Amino acid sequence: MNEKSTLFNWFMLVLKRDLVLSFKKIATFMIPLVFFLIVITLFPLALGTEGSFLSTLSSGVIWVAALLSSLLAVESIFNEDYRDGTLDQFLISGEPTFILVLAKVLAHWLVTGAPLLLASLISTFFLFLPEGLLFPLLISLLMGTFLLSLLGALGGALTIGKTAILSAVIVLPLSVPILILGVAVMTSALNGQDFFSYLYFLGAMLAIGTPGLCLATTEAIFINYD
Amino acid sequence: MINLIKKWLISLGSPPFFFTWASKFLSWFYPISFLLLLTGLIWGIGFAPSDYKQGEVYRIIFIHVPSAILGQSVYLMMAIFGSICLIWRAKLAGMFLRSAAPLGASFTLIALVSGAVWGKPTWGTWWVWDARLTSTLILFFLYAGIIGLYSSIDNKQKGDRAASLISVVGVIIIPVIKKSVDWWQTLHQPSTFTITSAPSMTPDMYLPLLICVIGFYSILLSMLLNRLRAEILIRERNTSWVQQYLNNQVRE
């Protein structure tokens, strides 16, 4: 690192490193995607393939699948770095941990959340999403998956070195508002109402949650290194 | 005066002092809380007049309402002590969290089960996806997550702090959860059943309910302190004062 390292440089450094690492290992971004599509496939198998029935369920099913797959992927945020000691190096580097967490969450979202948006495009054909819901779906997923990544980072930091299912049990109850607001966006768009009010609320949660949850995650990391 | 209280509160944070204080306190408070609980329950279940609409079934209220109140207030207590544990690293606050979580979870479970038993004869179904029921269920899941978290961490102090952190985060998010569950209710379906807008209670019903709530609170406090005592003994088992205490117990 050069001597004039600023916070932004540090942020970009971590971000780039995480992105490069996950693109080298194709599994990190493929597995959540495939998991998402498998969950989507399970619903028609379980509930029947009738088009109109599936299309009424489609937005909820896509949201639940997104919730599950993004929360199961949290293990990759801190666990690897914890195991090979990189996290220790980050902590003793003297750079702020808050920025580290922020960069790691963003990297995690870029690797698992953003491809999920593409996969949800495919799933709209599988589940016969009603016309005109594509934009509300994408924009609500865009905001929702980032919130889920933030919550997931907290869960992952609290359960460093443990199974992902524990962090899912901790985080899933907390993600109820995200699910409800996400589906509310879809439902009100379907009924032709103004869905932006719910988007604004999601945005407010994003604005408060980004610093708040990153702070909590920072504290959770420190707990592991007491 | 304030300084004295402050001093006393600070010294309460030391495990041996707290242990002896709690033992003394419980020796008279435990019987009283039992008595309060019994009085409330016997009065409510045995002697309070029956409801003109629901008949005798409504008597579940004397268990349901206090345990629902406790389920929520224990979480609030956990968040308060959790922040104490995080900020001042008070050992005792972490132990408090550990002793409180299973109690809170049990009271929430009692509220859910007694609500289901109450719902069957009055609403005709065990469960309704009503906003309040749903948020209570989610509260139970939050408790389960906290218990799962601290019991999976071997280092007790780390477990305490992790559980503190998640309960503090939870208490900030709980209002959002409640609000969103309310929205979800109004969005998806008008609630099929509402808790029958009860006739404003007569003192004959209200007083036993009040005593039940107080009794539940005091029995909670007693159980909590007792669990804390046990937790202190386990954690401090290698210190001299615990050894001394145990030796005295054996001799007696």
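Structure summary
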| quantity | calculated |
| --- | --- |
| Residue-level accessible surface for A:Thr163, protein heavy atoms, 1.4 Å, Å² | 80 Å² |
| Average silhouette area of segment A:125-226, convex hull of alpha-carbon atoms, in square nanometres | 7.3 nm² |
| For segment A:169-181, Karplus couplings with θ = phi - 60° (6.51, -1.76, 1.60), whole Hz, Gly/Pro x | 5, 6, 8, 4, x, 6, 8, 3, x, 5, 4, 5, 5 |
| Equivalent ellipsoid semi-axes - Cα gyration tensor, segment B:29-105, angstrom | 35, 15, 7 |
| Listed pairs A:Lys16/B:Lys158; B:Lys53/B:Lys120; A:Lys104/B:Lys178; A:Lys162/B:Lys158; A:Lys104/B:Lys91 exceeding 24 Å between Cα atoms | A:Lys16/B:Lys158; A:Lys104/B:Lys178; A:Lys104/B:Lys91 |
| Unit charges on C-beta of K, R, D, E only; dipole of the protein assembly as shown, Debye | 1140 debye |
| Computed magnitude of the charge dipole of chain A (debye, nearest 20; Cβ of K, R +1, Cβ of D, E -1) | 240 debye |
| Largest-first ellipsoid semi-axes for segment B:23-168, taking √(5λ) over the Cα gyration tensor eigenvalues, angstrom | 33, 21, 10 |
| Dmax and Rg, reported as Rg then Dmax, of segment A:2-225 (C-alpha, Å) | 18.1, 63 |
| Cα lying deepest toward the dipole's positive end in the protein assembly as shown, options A:Ala66, B:Ala116, B:Gly40, charges on Cβ | B:Gly40 |
| MRE, 222 nm, helices only [DSSP H, n ≥ 4, -39500 (n - 2.57), over chain B, to nearest 500] | -28000 deg cm²/dmol |
| Prolate/oblate/rounded call for chain B, Cα gyration tensor, a/c under 1.5 rounded | oblate |
| ³J(HN,Hα) computed for each position of segment B:69-81 - Karplus, 6.51 cos²θ - 1.76 cosθ + 1.60, integer Hz, glycine/proline x | 4, 5, x, 7, 6, 5, 5, 4, 4, 4, 5, 5, 5 |
| Span from the segment A:91-170 Cα centroid across to the segment B:38-64 one, whole angstrom | 49 Å |
| Taking segment A:2-225 and dividing mean pair separation by its residue count, relative contact order in percent (alpha carbons under 8 Å, at least six apart) | 26 percent |
| Among A:Leu174, A:Leu202, A:Leu102: highest mean-square fluctuation, GNM of chain A, C-alpha pairs under 10 Å | A:Leu174 |
| Hz values of 3J(HN,Hα) by residue in segment A:38-54 - Karplus curve (6.51, -1.76, 1.60), Gly and Pro given as x | 5, 4, 4, 5, 5, 5, x, 5, 7, 9, x, 9, 5, x, 5, 5, 5 |
| In the B-A interface, the accessible area buried, summed over both sides, Å² (probe 1.4 Å) | 2300 Å² |
| 5 angstrom amide H check on B:Asp51, placed H, neighbours 5+ away | B:Tyr58 |
| Highest-fluctuation residue, A:Leu71, A:Leu147, A:Leu21 considered, GNM on chain A with Cα pairs under 10 Å | A:Leu21 |
| Rg and Dmax [Cα atoms of segment B:1-62; Å; Rg one decimal, Dmax integer] | 19.9, 55 |
| Within-15-Å neighbourhood charge of A:Thr217 [Cβ basis; K, R +1; D, E -1] | -2 |
| Accessible surface of segment A:114-217 [probe 1.4 Å, protein heavy atoms]: carbon and sulfur percent | 78 percent |
| Top positive-direction residue, dipole computed over chain B with Cβ charges, set B:Ser11, B:Pro175, B:Leu26 | B:Ser11 |
| Debye, to nearest 20: dipole size of segment A:1-119, +1 on Lys, Arg Cβ, -1 on Asp, Glu Cβ | 220 debye |
| Global geometry of segment A:89-171, whether rounded, prolate or oblate, following the gyration tensor of its Cα atoms and the 1.5 cut on a/c | prolate |
| GNM top mover of A:Lys104, A:Lys25, A:Lys16 - chain A, alpha-carbon springs below 10 Å | A:Lys25 |
| Cα gyration tensor shape of the protein assembly as shown, rounded if a/c is under 1.5, else prolate or oblate by comparing a/b with b/c | oblate |
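The values are calculated or read from the model by the stated rules, or taken from the named source; none is laboratory data. All of these numbers come straight from a predicted model, not from anything done at the bench. Every residue, glycine as well, gets a Cβ built from its backbone with ideal geometry; the counts of neighbours run over all protein chains shown. Please note that ligands, DNA and RNA were not included when accessible areas were found on the heavy atoms of the full protein model with its side chains. Shrake-Rupley method; radii C 1.70, N 1.55, O 1.52, S 1.80 Å.
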